[in-house]
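> I am attaching a structure below and will ask some questions about it afterwards.
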Amino acid sequence: MQANDSADFDAFYAVTIRRVVLYLYAACGDRAEAQDVAQEAFARAWQHWGRVSAYEEPEAWVRRVAWRLLVNRWRSLRRRLTARARMGTPDVMTAGPSPDRVAVVAALQQLPKAQRQVIALHYLLDMPVHDIAASIGAPEGTVKVRLSRARTALARLLDDHDQEISDAPTRT
């Protein structure tokens, strides 16, 4: 790799890393996981930078690779959880995240993966429908439907959560 290629990649990385991590964080709800997956995706982009840099949107390539890596990690996690379930619960429990974060992540996790993906791209990366469609290889109409259904589902899920909190008995 030539020095100017390295400088081009460094500039690309600096401009896009935050957006890719934000996208992955919205998809998985775990900042460390999002950062790890993003780093792996950028490492793969670096390995193939001569080809990736020639793409019209190299960031879309990185996001696509990162999404696949994330899905593979979910599959691996599912297998590990199944194995742990056979072994019983751990003895040590750690403190959990805030109730609001739990509610949002839980609501996002209840969405189908395709809806979660377009929500993250649209609202966290501020991508217009046209760009999302090109990025994920789906028609614009499909992206619009997924966004609409995801918004409706999230509103319902978060309203249900708010209602559960307001209906909960108060301690005095």
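> Just one of ALA27, ALA103, ALA83, ALA107 is under 22 Å from ALA134 (Cα atoms) and modelled with pLDDT under 90; which is it?
ALA27
This table checks each residue for (1) under 13 Å from GLN115 (Cα atoms); (2) at pLDDT below 95; (3) touching a helix residue (DSSP H, G or I) at 6+ places or on another chain (Cβ under 9 Å).
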{"residue": "PRO128", "(1), (2), (3)": "no, yes, yes"}
{"residue": "SER135", "(1), (2), (3)": "no, yes, yes"}
{"residue": "PRO139", "(1), (2), (3)": "no, no, yes"}
{"residue": "ARG146", "(1), (2), (3)": "yes, no, yes"}
{"residue": "ALA153", "(1), (2), (3)": "yes, yes, yes"}
{"residue": "LEU157", "(1), (2), (3)": "no, yes, yes"}
{"residue": "ILE165", "(1), (2), (3)": "no, yes, yes"}
{"residue": "ALA168", "(1), (2), (3)": "no, yes, no"}
{"residue": "THR172", "(1), (2), (3)": "no, yes, no"}
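> Follow-up question, since we're still on this one. Of everything in region 49-76, what is closer than 17 Å to ILE17 by Cβ and open to solvent by 60 Å² or more (accessible area, probe 1.4 Å)? Give them in sequence order.
As a first pass, look at region 49-76 and keep what is closer than 17 Å to ILE17 by Cβ: 49, 52-53, 57-67, 69-70.
Matches in region 49-76: GLU57, ARG64.
> Follow-up. Kindly list, by first and then second residue, each pair from a residue in region 54-70 that is under 14 Å from ASP36 (Cβ atoms) to a residue that is assigned to a helix (DSSP H, G or I) and open to solvent by 80 Å² or more (accessible area, probe 1.4 Å), limited to pairs with Cβ atoms under 7 Å and residues at least 6 apart or on different chains.
Taking only residues 6 or more apart or on different chains, the pairs are VAL65/ARG44.
> Could you list, in sequence order, the residues of region 5-50 that are hydroxyl-bearing (Ser, Thr, Tyr) and within 17 Å of TYR123 (Cα to Cα)?
Residues satisfying the conditions are THR16, TYR23, TYR25.
> I'd like to know if region 9-22 contains one or more residues that are part of a helix (DSSP H, G or I), closer than 15 Å to ASN72 by Cβ, open to solvent by less than 80 Å² (accessible area, probe 1.4 Å) and out of contact with any His (no Cβ under 7 Å at 6 or more places or on another chain).
Step one: filter region 9-22 for residues part of a helix (DSSP H, G or I), giving 9-22.
Keeping just the survivors that are closer than 15 Å to ASN72 by Cβ gives none.
There is no residue in region 9-22 that is part of a helix (DSSP H, G or I), closer than 15 Å to ASN72 by Cβ, open to solvent by less than 80 Å² (accessible area, probe 1.4 Å) and out of contact with any His (no Cβ under 7 Å at 6 or more places or on another chain).
The values are calculated or read from the model by the stated rules, or taken from the named source; none is laboratory data. Keep in mind that this is a model prediction, so the values were computed, not measured. Don't worry about glycine lacking a Cβ; one is built from the backbone with ideal geometry, like all the others, and counts go over all protein chains shown. Just so you know, the surface numbers come from the protein's heavy atoms only, side chains and all, with ligands and any DNA or RNA stripped out. Shrake-Rupley method; radii C 1.70, N 1.55, O 1.52, S 1.80 Å.
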